[in-house]
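Below is one structure, written out as structure tokens; the observations come after it.
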Amino acid sequence: MHYRRFGKTEMELSVFTLGAMRFLESDTNAIATIEKALDLGINHIETAKGYGKSEVFIGAAMAAGLARRREEFYLTTKIPPTEDPATMAQLIDQSLRRLQVDFVDNFDIHGINTPAHLEMVRNPDGCMKAVQAAVVQGKIRHVGFSTHGSLAVILGAIETDLFASVNLHYYYFNQHNEPAVQRAAEKDMGVFIISPSDKGGMLYTPPPLLQDLCAPFSPLYINDRFLLSDLRVHTLSLGAANPQEFGDHRVAWDMVGPLTPEEQAVLARLDRQYGVLGGDRCSQCFACLPCPEQINIPEVLRLRNMAIAFEMQSFGEYRYKMFEHAGHWFPGRKANHCTDCGDCLPRCPEVLEIPRLLRDAHQRLHTVEGKRLWE
Ligand code: SF4
Ligand code: SF4
């Protein structure tokens with residue numbers, strides 16, 4: 001296991017973090033999973049008020065003996081933005097009680113996803129007042145934010161200078177947030193990648209074509225290396241649900257340094273594979289937005305890109321069914337709402353036939369409806 005300075009927090013975090021959103025079974029399973037993570041050298045555990053019973057399970061683990069190992073790990077929890085400081089203060093105390101700790105090393109505002117959330121944290125009389133009071137009281141050591149929002153919202157949150165770290169989506173298969181990673185690096189912020197294996201492409205169950213393209217490595221490994229060879233990135237979430245689920249990342253966490261020639265060759269092969277999309281490739285520039293029907297055109301077409309170029313059909317279906325069911329966590333409506341109004345067409349530098357591609361994407365990817373993982 002390797003460790004990286006998490007930006008200006010000065011915490012030396014393991015390059016993998018135990019993301020505790022999948023502790024859905026029992027407190028004994030949570031205890032065993034945390035113990036296993038610590039034994040493997042993982043020194044950062046990340047949870048949230050919103051992750052079901054995750055905080056309670058971690059609290060049970062603390063009471064059952066984990067407290068004796070408190071010096072061995074950093075603990076992060078997250079709470080969504082609130083309108084007023086009193087509510088936030090109450091929620092912070094509630095999380096500390098549930099976790100059975102006096103303080104958390106790191107606290108994230110959970111989900112600065114919309115311009116309204118950004119205004120809530122910018123408000124000098126809003127929830128950040130309570131967060132900053134909790135820092136003074138020793139309940140919180142460092143403050144960051146997590147986000148599923150647009151690049152503009154993420155950059156806006158970074159520019160507030162209220163936060164020492166950011167927890168965001170950025171993967172080989174989704175590089176749109178790269179300017180936020182760069183800006184965070186310029187501001188010496190910690191950069192924590194959300195769910196690289198799952199949201200990064202369900203890479204633990206890759207289709208045969210993707211496996212072939214990544215050979216002799218695994219797709220999971222290649223994405224880990226894409227991220228960790230980039231020194232602006234500090235730690236990746238590993239959402240193990242039980243002690244058996246750590247194995248796949250172990251090759252990557254023992255690797256340091258820049259990409260090897262073999263790894264570079266695989267990434268170049270993946271880049272070339274987008275060529276199979278021909279003139280229908282969405283380049284993810286986001287210039288087509290806004291759509292009056294609130295269709296998340298770039299994300300729909302990203303899923304289409306992946307389904308066609310890499311046969312990542314299951315991933316495409318998994319994410320597509322989230323539209324209209326996860327609110328600001330995964331915004332936008334499904335592609336079948338396109339009215340052919342044509343507003344987006346002059347804005348697309350690739351001159352894509354967007355309505356046709358949206359219809360095709362819907363036909364390929366529409367299945368049953370979905371919910372967020374922790375619901
Ligand atoms: S043509 Fe369809 S996708 Fe484009 S702006 Fe109109 S409704 Fe939205
Ligand atoms: S403008 Fe065109 S290329 Fe850019 S994201 Fe929208 S559809 Fe894709």
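Details
- Of everything listed in (1) within 16 Å of ligand 2 (Cβ to nearest atom); (2) more than 16 Å from residue 199 (Cα to Cα); (3) under 27 Å from the mean Cα position of the chain (by Cα), the single unmet condition for residue 327 is (1).
- The set of residues in the range 250-269 that are touching a helix residue (DSSP H, G or I) at 6+ places or on another chain (Cβ under 6 Å) and either open to solvent by less than 40 Å² (accessible area, probe 1.4 Å) or closer than 30 Å to residue 338 by Cβ (or both) comprises 252, 263, 266.
Residue-wise test of (1) under 30 Å from residue 186 (Cβ atoms); (2) modelled with pLDDT of 95 or more; (3) not assigned by TED's automatic domain parsing to the domain that holds residue 64.
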{"residue": "7", "(1), (2), (3)": "yes, yes, no"}
{"residue": "19", "(1), (2), (3)": "yes, no, no"}
{"residue": "23", "(1), (2), (3)": "no, no, no"}
{"residue": "26", "(1), (2), (3)": "no, no, no"}
{"residue": "31", "(1), (2), (3)": "no, no, no"}
{"residue": "35", "(1), (2), (3)": "no, no, no"}
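- Test: residue 289 is open to solvent by less than 20 Å² (accessible area, probe 1.4 Å) and in contact with a helix residue (DSSP H, G or I) (Cβ under 8 Å, 6 or more places away or on another chain): no
- Residue count, the range 282-298 (criterion: more than 6 Å from ligand 2 (Cβ to nearest atom), under 23 Å from the mean Cα position of the chain (by Cα) and in a loop (DSSP other than H, G, I, E, B)): 3
- Counting only residues that are surrounded by fewer than 14 Cβ atoms within 10 Å (Cβ to Cβ), under 25 Å from the mean Cα position of the chain (by Cα) and within 14 Å of ligand 2 (Cβ to nearest atom), the range 270-281 holds 0 of them.
- Verdict on residue 231 being modelled with pLDDT of 95 or more, of a type in the set (A, V, I, L, M, F, W, C) and either in a helix (DSSP H, G or I) or under 22 Å from residue 111 (Cα atoms) (or both): no
- Extreme residue, farthest from residue 360 (Cα to Cα), among residues of the range 257-281 that are of a type outside the set (Ser, Thr, Tyr) and part of a loop (DSSP other than H, G, I, E, B): 257
- Residue ranges of strands (runs of 3 or more DSSP E) in the range 138-201 with at least 3 members hydrophobic (A, V, I, L, M, F, W, C): 140-146, 190-193
- Condition met for residue 371 (modelled with pLDDT under 95, away from ligand 2 (no atom under 15 Å from the Cβ) and either assigned by TED's automatic domain parsing to the domain that holds residue 53 or open to solvent by 60 Å² or more (accessible area, probe 1.4 Å) (or both)): yes
The values are calculated or read from the model by the stated rules, or taken from the named source; none is laboratory data. Because the structure is a prediction, the values reported are computed rather than measured. When we count neighbours, we look across all protein chains shown, and the Cβ atoms used for this are built from the backbone with ideal geometry, even at glycine. Accessible surface is based on the protein model in full, side chains and every heavy atom, while ligands, DNA and RNA are left aside. Shrake-Rupley method; radii C 1.70, N 1.55, O 1.52, S 1.80 Å.
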